[in-house]
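J.: Right, I'll just put the structure down here and ask away after.
Each value in this text was obtained by applying a stated rule to the coordinates, not by laboratory testing. It should be emphasised that the depicted structure is a prediction, and the values quoted were computed from it without experimental measurement. As a convention, Cβ positions derive from the backbone with ideal geometry for all residues, glycine included, and neighbour counts pool all protein chains shown.
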Amino acid sequence: MDYHPLGTLDYITKTALRKLQWEKFSATLEHVYHNVPWYKNRMQEKGVRLEDIRGMEDLRKLPFITKTDLRDTYPTGLFAAKQEKIVRLHASSGTTGKPIVCAYTQEDIEIWQETVLRALLAFGLHSGDILQNSYGYGLFTGGLGLHYGAEALGLTVIPVSGGNSERQILFLRDFGVTAISCTPSYFVHLLEIAEQMKVDFKKLPLKVGIFGAEPWTEGMRQVIQNGAGIKAYDIYGLTEISGPGVGAECEYQNGTHIFEDHFYPEIVDPDTLEPVPDGREGELVFTTLDKRGMPLLRYRTRDITRLFEEECPCGRTIRRMEKISHRSDDMFIIRGVNVFPSQIESALLAVEGSLPHYQIILTREHGLDNVEVQVEIDPNLIGDTIREMEQLQNSIHKRIETTIGIRVKVALLEPNRIPRSEGKAKRVIDKRTI
Ligand code: ADP
Ligand code: ZN
């Protein structure tokens with residue numbers, strides 16, 4: 001076990017955790033009730049009084065808050081601290097619409113820093129390690145979020161941000177970088193550039209990749225780990241709750257531990273909104289237990305996952321969730337079937353010859369929806385005869401059909417035909433006009 005006074009919170013006893021959660025939560029509830037009219041009004045509408053909430057189990061009596069509520073209260077409707085206490089603003093990347101702006105007090109920044117620090121400990125990093133932080137700096141939480149936590153742990157941070165890929169490779173090569181943080185899709189792109197520059201990641205001191213901000217499959221993990229000779233860890237987070245470091249994997253890479261002494265998770269059925277038991281899939285909902293700038297109670301993340309009941313062999317007592325592979329915003333419905341891009345990704349990466357660069361194009365013709373999966377293929381692995389191409393196309397067809405239950409069109413592309421992204425990859429292009 002790594003010893004660090006903050007890291008030990010990961011091993012808190014269940015009883016102590018429950019007590020701590022309630023202490024923090026009851027104070028937060030008082031705080032928002034008296035400082036954010038929106039919460040008071042919603043509670044009154046639902047007929048819930050402060051004194052009805054007597055323990056964590058009463059949380060389910062409270063109303064949910066959604067992305068739409070965050071947009072409707074833009075710009076400062078949910079701020080719970082006086083302006084002079086707010087030290088920073090961030091905004092969600094707006095993958096799905098206009099930005100959502102969140103406010104942080106100094107205490108909030110410290111909580112965030114602490115959870116990132118605990119994530120980095122779980123990845124086996126220590127003072128002496130060198131982190132190249134290739135998440136974008138700015139309104140997006142990835143850059144600054146990782147940055148402060150890494151400095152707090154005593155790492156050397158290179159705040160390179162996203163983009164300028166050749167320079168990224170030079171820094172990785174020349175400064176003895178041992179860890180890199182970015183989106184998994186951008187890392188796969190860096191791997192390509194490194195190959196062109198004749199830099200072999202396997203020969204560098206780089207040992208850890210810290211990947212999040214978008215769903216990525218186990219297949220993608222294998223591509224990255226084998227291609228770069230590193231351990232690829234998941235870090236999860238969202239602007240609304242703080243940023244990266246709401247949860248992180250440990251050395252077992254078998255689920256993302258949630259820092260539940262700060263962020264209280266629930267899984268609810270997205271249709272009935274009733275909590276579901278541990279082990280069952282549903283929508284992830286978070287309550288911030290001790291944030292002050294913009295606390296959120298029962299925030300619906302639209303991320304789909306499940307909580308594990310079993311303890312992790314690493315000994316951490318904080319609970320794990322299944323690595324997020326489904327985000328309801330990305331889901332598309334084809335001929336009545338719900339499809340997630342990650343399902344297509346796992347199918348593609350299970351077929352030898354396909355590269356981790358793909359896009360899903362949705363079109364509508366004569367009222368019928370069509371899906372075309374475009375994937376780049378590795379010319380070194382696949383011969384270029386028509387027969388070999390057809391065989392590959394067939395294998396991909398079959399894989400996708402067994403995974404999602406419908407047949408889609410498959411187009412094989414030469415390398416470098418799909419646009420590369422420096423942040424979150426755009427997997428679905430929806431050209432349907434309703
Ligand atoms: P948005 O992308 O909604 O504009 P953010 O930049 O705050 O806003 O990103 C948060 C979202 O990114 C999460 O709700 C989740 O959908 C996705 N995400 C973050 N980390 C991960 C991860 N490790 N695995 C899968 N998805 C992730
Ligand atoms: Zn663990």
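J.: Taking springs between alpha-carbon atoms closer than 10 angstrom, which of ASN338, ASN416, ASN380 fluctuates most in the Gaussian network model of the chain?
T.: Maximum fluctuation in the GNM of the chain, among the listed residues, is at ASN380.
J.: Further, regarding this structure: Using the Cα centre of the stretch 331-430 as the reference point, and only Cβ charges (+1 on K/R, -1 on D/E), how large is the resulting charge dipole? Debye, rounded to the nearest 20.
T.: On the way: 12 positive and 14 negative charges, 69 e Å.
With Lys and Arg at +1 and Asp and Glu at -1, about 320 debye.
J.: Okay, next question. Over the residues of the chain, compute the C-alpha Rg and express it relative to 2.2 N^0.38 Å. Don't skip to the end; give the middle numbers.
T.: Numbers: Rg = 22.3 Å, N = 434, 2.2 N^0.38 = 22.1 Å.
Here the Cα radius of gyration is 1.01 times the empirical estimate.
J.: Projecting each Cα onto the charge dipole of the chain (Lys/Arg +1, Asp/Glu -1 at the beta carbon, about the Cα centre), which of VAL160, TYR74, THR287 comes out farthest on the positive side?
T.: My answer, from the dipole projection, is TYR74.
J.: Each residue of the stretch 124-132 in order: what ³J(HN,Hα) in whole Hz does its phi give by Karplus 6.51 cos²θ - 1.76 cosθ + 1.60, θ = phi - 60°, with x for Gly and Pro?
T.: These are the phi-based 3J(HN,Hα) values: x, 9, 9, 4, x, 6, 10, 9, 8 Hz.
J.: For the pair LYS98/GLN196, report the inter-label distance in nm, with labels modelled 7 Å from Cα in the Cβ direction.
T.: 3.9 nm
J.: Same structure again: Only residues of the stretch 402-429 count here: report those whose backbone N is under 19 Å from the spot 7 Å along Cα→Cβ of GLU166, or say none.
T.: 416, 420-422
J.: Lysines within cross-link reach of LYS46: Cα-Cα under 21 Å, excluding same-chain residues under 8 positions apart?
T.: Partners within reach: LYS61, LYS67.
J.: Next up: Measuring from centroid to centroid over Cα atoms, what is the spacing of the stretch 135-153 and the stretch 214-292 in Å?
T.: For the stretch 135-153 versus the stretch 214-292, the Cα centre distance is 18 Å.
J.: In whole angstrom, how far apart do the alpha carbon centroids of the stretch 361-424 and the stretch 60-94 sit?
T.: The two parts, judged by their Cα centres, are 41 Å apart.
J.: Separate question: Pop a pseudo-label 7 angstrom from the Cα along the beta-carbon direction at both LYS14 and SER328 and give the gap in nm to one decimal.
T.: According to this spin-label approximation, the distance is 2.9 nm.
J.: Could you name the lysines whose alpha carbon sits less than 27 Å from that of LYS203, not counting residues in the same chain fewer than 8 places away?
T.: LYS203 reaches LYS231.
J.: Restricting attention to the alpha-carbon atoms of the stretch 235-380, what are Rg (one decimal) and Dmax (integer), both in Å?
T.: Rg, Dmax (Cα atoms, Å): 18.1, 57.
J.: Let me ask another. With both partners inside the chain, how many of the DSSP beta bridges are antiparallel, as a percent to the nearest 5?
T.: Values: 39 of 63 bridges.
In the chain, approximately 60 percent of DSSP beta bridges are antiparallel ones.
J.: Please give the charge dipole size of the chain, origin at the Cα centre, charges +1 on K and R Cβ atoms and -1 on D and E Cβ atoms. Round to the nearest 20 debye.
T.: Magnitude of the dipole: close to 680 debye.
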